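Please read the structure below before turning to the comments.
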Amino acid sequence: MSHPERLGASGGGQTNAIAERPQLNGHPSLAEFATGHGLKKSAARPPLGSYIRQLWQRRHFIWTFATAKSVSMYTESRLGQLWQVLTPLLNAAVYYLIFGLLLGRSGDVHKYIPYLVIGVFFFYFTQRSITSGAKAVQGNMSLIRALHFPRATLPFSYTIVELQQLFAAMSVLFVIMLAFGEYPTWHWLLIIPVLVLLLMFNIGVSLVVARIGAFVPDLSQLLPFILRTWLYFSGIMFSMYTLAGKLPTWATRLLDANPGSVYVELARRSLMGSYRKDLAAMTTKYGERCSRPVEQGLVGKALRKATTTHTGYCRQHEALVSMNQTVWYYAIGWAVVAFVLGFWYFYRAEERYGRG
Amino acid sequence: MADALKEKDKVSGAPEQSTPPVVVNSDREPIVVVDDLHIVYRVYGGSEGKGNAVTAFRRVLRRENRPSMKEVHAIRGMSFVAYQGDAIGVIGNNGSGKSTLLQAIAGLLPPDRGGVYTTGQPSLLGVNAALMNDLTGERNIVLGCLAMGMSPDEVKEKYDEIVKFAGLKEGFIQLPMRAYSSGMGSRLRFAIAASKSHDVLLIDEALATGDAKFRRKSAAKIDELREEAGAVFLVAHQLDSIREMCNRVLWIDEGKMMMDGDPDTVVDAYIEATSK
């Protein structure tokens with residue numbers, strides 16, 4: 001091989017020579033010499049615009065990576081891809097056993113099983129996106145230290161994996177719906193915007209936990225508890241409106257805004273004709289009971305009890321009406337806020353993910 | 001790459017005088033400039049002592065760092081300039097910071113102090129590069145190319161070329177990569193990386209496991225890349241291939257530059273130093 005003119009360090013062998021100031025042909029420092037020749041910092045975060053462009057360029061990578069991950073996820077188990085469907089179904093079965101049969105929480109909902117299954121499947125999507133998102137950066141450190149690509153592709157891919165699992169689960173859901181006499185209507189089309197918004201929300205949250213999880217690995221130990229608490233406050237297994245009767249108004253407002261229940265509510269409303277009827281019936285029923293004055297002539301304990309029940313009806317009616325009015329706004333708001341803030345938050349640490 | 005690196009506290013106060021000075025050659029176009037680079041990274045795990053809940057709790061109360069988190073000061077103040085058309089060999093003992101240096105040039109490990117400046121996007125080709133072991137060779141080719149930013153059409157176009165260059169035995173392309181021997185794995189990885197033209201290609205022992213025929217093929221590919229006015233960095237322990245493929249060699253030790261010059265001089269000095 002040819003040896004062109006000697007270059008680089010002149011003091012090759014002088015291992016004990018005292019370091020001199022580099023001779024830089026009039027350049028004050030190596031950094032300025034580099035930038036003077038149009039070189040760029042190699043570990044720098046790209047500007048937001050080009051970052052988004054790079055990410056868009058990797059859209060095929062995101063989808064192929066997600067598909068490959070979905071495929072390889074269950075290769076070691078004997079039932080293979082069947083687990084995509086079995087896991088959420090078994091989850092739903094457990095909740096049915098506890099909340100449907102043991103506690104009898106079906107309340108005003110007539111078709112409890114589809115109600116529960118939709119809730120579990122959709123909430124599971126969010127839950128899994130967050131859990132796997134927390135490991136998206138942490139668990140791919142070797143990939144991050146080996147290849148250059150916008151790191152946000154990882155949380156994106158992991159959420160797409162969960163979306164693909166949801167699609168598999170929804171084919172089972174379809175069968176369950178038919179079995180319970182819920183047939184396709186035009187309302188079913190509403191599931192498309194609901195899914196888009198939910199996906200945006202999940203990606204956003206997953207980006208946030210991916211950044212936190214990259215630097216604080218303890219997050220994945222803590223997440224299961226947070227997520228389970230959230231599950232119980234999201235009205236997946238029982239109707240939120242029953243709870244609203246016992247809560248002060250400000251707490252009901254908080255429950256209205258809870259993204260965990262917002263998307264599940266919308267999915268139920270779009271897929272279940274019977275649930276839409278249940279809601280209408282509940283609104284009329286509690287509205288009537290609220291407008292009926294408290295019985296005359298009661299005293300003491302009986303009066304207090306009657307008043308509490310009456311207030312409960314009014315609160316339930318109020319909760320139904322207010323959720324009806326706000327649910328779409330919250331769905332859109334959460335999706336946009338989570339996606340934009342999550343993306344920005346993740347992007348801000350882009351150049352530091354390699355360090356671990 | 002985390003093999004046998006020293007802890008940070010051992011480093012402070014280390015003598016700096018052994019570093020040779022940097023001279024800039026203004027006739028040639030620089031492609032990589034490394035300016036007083038320091039790399040510190042964190043490694044978790046490998047804790048010593050009692051690992052029970054009580055000691056962990058005491059540690060949290062005292063606001064101490066986890067004993068399982070170690071800071072590794074892998075590169076300690078390195079400066080040099082690489083020019084277009086350079087093929088630079090990097091030699092040194094295990095744990096001297098060779099792989100870390102390449103990762104830093106690739107922009108994968110952020111610098112603690114100093115900086116790395118490059119034209120275009122350097123690509124790193126490592127021993128354990130980003131391929132998914134559970135997936136088939138086919139899938140890995142597609143994923144690797146997409147991750148490098150190719151479009152699906154380009155991937156289709158390059159696919160046959162990659163398979164041919166990798167030269168795997170019949171049928172292996174449909175097997176998951178964990179069934180591959182280390183040599184086959186590195187051939188496929190090199191084939192994928194070489195399918196795209198790079199401004200700066202960093203090769204980290206990726207050719208070590210290949211057989212003679214493959215090494216010839218890859219040497220030709222490296223020459224081709226150099227002619228495209230890029231630069232190639234090569235980490236290898238076979239000093240013969242370094243002499244053969246490179247026009248310049250960096251010898252690094254304990255994260256510092258020992259020597260920078262033409263292959264024969266530096267390799268001879270290295271052999272002399274290590275055979276003592």
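Every number in this text was worked out from the coordinates using simple rules, so none of it is lab data. Note that the structure is predicted; figures quoted are calculated from it, not measured. Positions of Cβ are backbone-derived with ideal geometry, glycine not excepted, and every protein chain shown enters the neighbour counts.
Structure above, values below:
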quantity: Long-range amide H partners of B:Ile31 with built H, under 5 Å; calculated: B:Ala82, B:Tyr83, B:Gln84
quantity: Residue-by-residue Karplus 3J(HN,Hα) for region B:152-164, coefficients 6.51, -1.76, 1.60, Hz, glycine and proline x; calculated: x, 5, 4, 4, 4, 5, 7, 3, 4, 4, 5, 4, 5
quantity: Ellipticity estimate at 222 nm from DSSP helix runs (n ≥ 4, -39,500 (n - 2.57)) divided over chain A, nearest 500; calculated: -21500 deg cm²/dmol
quantity: Region A:176-254 and region A:123-164: distance between their alpha carbon centers, rounded to Å; calculated: 19 Å
quantity: Amide H contacts of B:Thr119 (H built 1.01 Å from N, under 5 Å, at least 5 apart or other chain); calculated: A:Lys40
quantity: The protein assembly as shown: Cys lacking any partner C-beta under 4.7 angstrom; calculated: B:Cys145, B:Cys246
quantity: Residue mean of other protein chain beta carbons inside 10 Å, B:100-109; calculated: 4
quantity: Which of A:Ser129, A:Ala306, A:Tyr51, positive extreme of dipole for the protein assembly as shown (C-beta unit charges); calculated: A:Ala306
quantity: Sorted by Cβ neighbour density within 10 Å, fewest at the top, the residues A:His37, A:His317, B:His237; calculated: B:His237, A:His37, A:His317
quantity: Angle between chain A longest axis and helix A:219-232 axis [Cα atoms, degrees, rounded to 10]; calculated: 20 degrees
quantity: Amide H contacts of B:Ala87 (H built 1.01 Å from N, under 5 Å, at least 5 apart or other chain); calculated: B:Val232, B:Asn247, B:Arg248
quantity: Ordering of B:52-60, B:187-195 by packing [mean C-beta count within 10 Å, highest first]; calculated: B:187-195, B:52-60
quantity: Radius ratio Rg over Rh of the protein assembly as shown, counting only Cα atoms, Kirkwood formula for Rh; calculated: 1.09
quantity: Hz values of 3J(HN,Hα) by residue in region B:189-203 - Karplus curve (6.51, -1.76, 1.60), Gly and Pro given as x; calculated: 4, 5, 4, 5, 5, 6, 5, 10, 7, 10, 6, 10, 10, 10, 10
quantity: All aspartates and glutamates inside 20 Å of B:Lys169 as judged from Cα atoms, apart from same-chain residues fewer than 8 positions distant; calculated: B:Asp134, B:Glu138, B:Asp160, B:Glu161, B:Asp211
quantity: Selected from A:Val327, A:Val294, A:Val161 as most flexible by GNM, with chain A as the system and alpha-carbon contacts under 10 Å; calculated: A:Val294
quantity: Convex hull of Cα atoms in chain A, direction-averaged projection (nm²); calculated: 29.3 nm²
quantity: Count of lysine pairs in chain A with Cα separation under 23 Å (8 or more residues apart, or interchain); calculated: 8
quantity: Among beta bridges that DSSP assigns inside the protein assembly as shown, antiparallel share in %, nearest 5; calculated: 60 percent
